[in-house]
Amino acid sequence: MAQIITFAQQKGGAGKTTALAQLAQHWAAAGRSVELVDLDPQGSLARWAGMREDIGCRQSSDWKASSDIRSAAREADLVLVDCPGNADILLRATIRDSDLVIAPSQPSAMDIWALDPVVDMAAREKTPLRVLLTRVPPTGTAVEVAKGALKADLLASHIGNRVVFQQAFAQGKAASELQRRSKAAAEVTALAKEVEGVLAGL
Ligand SMILES: Nc1ncnc2c1ncn2[C@@H]1O[C@H](COP(=O)(O)OP(=O)(O)OP(=O)(O)O)[C@@H](O)[C@H]1O
Ligand SMILES: [Mg+2]
């Protein structure tokens, strides 16, 4: 049975889909079998995966979500689930089925405060959650400010605000496939390693 990671944060535009796609490609390239479930009716993750041969994606919603996640879990080592910004009942059930929740957030107090509902939901469902800071600016104190506002566990790795993540997504690729030795690629590698450590410790 696969390990299931759900990417959730009710604030839209937090960077969920972008971070998920980067990690999916990293693990697929490392030889893991990865299946995706896109619960967002916008379907951007499914569209990204549709441009690739190596990563399958189920587009799902509502009553189908739980059975689609379980069927993906029978096929793969890792299932990554993308949630829409405004999910609620669906999100609760998905979090219950997951081994880990990754909650991406931009490093501002307003975005960090918006994490409260998903942090509370994960706590009630007894699913471990880690916050991932994304779109982090190259300079300034944003990370420190975010840490001060945060109630939940934070991943030490974060994702910078980099155009290559946007360029890669549009082509169905990961940043490392466009720029192998870039800072973006190194960030994703470090993040993947840290998440593997979290999964191993569950
Ligand atoms: N690390 C990054 N660097 C630069 N741009 C980014 C980064 N992460 C996300 N973006 C851009 O920010 C926007 C929102 O990102 P994304 O769609 O991944 O967020 P989301 O949380 O999945 O949004 P939604 O709630 O609408 O599903 C997109 O235009 C994306 O290209
Ligand atoms: Mg999204």
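Computed values, structure above
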{"item": "Size of charge dipole - the chain - debye, nearest 20, with Cβ of Lys, Arg +1 and Asp, Glu -1, no other charges", "result": "340 debye"}
{"item": "R58 long-range amide H proximity, modeled H, under 5 Å", "result": "L36, V37, D38"}
{"item": "Size descriptor, Kirkwood hydrodynamic radius, that averages inverse alpha-carbon separations across the range 127-187, Å", "result": "12.9 Å"}
{"item": "For the range 83-115 and the range 1-31, distance of Cα centres in Å", "result": "12 Å"}
{"item": "The range 3-200 - percent relative contact order, Cα under 8 Å, separation 6 or more", "result": "25 percent"}
{"item": "Structure-based [θ]222 nm, the chain - -39500 (n - 2.57) summed over DSSP H runs of at least 4, per residue, nearest 500", "result": "-13500 deg cm²/dmol"}
{"item": "Given charges at Cβ of Lys, Arg, Asp, Glu: the chain dipole, positive-most of V198, T139, S105", "result": "T139"}
{"item": "D (Stokes-Einstein, µm²/s), Kirkwood Cα radius, the chain, 0.692 mPa s at 37 °C", "result": "198 µm²/s"}
{"item": "Listed residues L45, L191, L90, most fluctuating in the chain (Gaussian network, C-alpha, under 10 Å)", "result": "L90"}
{"item": "Inter-site label distance for K193 and M1 at 7 Å from Cα along Cβ, in nm", "result": "3.1 nm"}
{"item": "Extreme residue, positive dipole direction of the chain, given options A2, S33, L150 (C-beta unit charges)", "result": "L150"}
{"item": "Efficiency of FRET between S182 and S67 - r from beta-carbon atoms, R0 41 angstrom, step 0.05", "result": "0.60"}
{"item": "Most fluctuating residue given options R162, R181, R47, as computed from a GNM of the chain linking Cα atoms under 10 Å", "result": "R181"}
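Laboratory data are not the source of any read-out in this text; all were calculated from the coordinates shown. Quick caveat: nothing in here was measured; it's all calculated off a predicted structure. Here the Cβ is made from the backbone with ideal geometry for all residues, glycine too, and neighbour counts use every protein chain on show.
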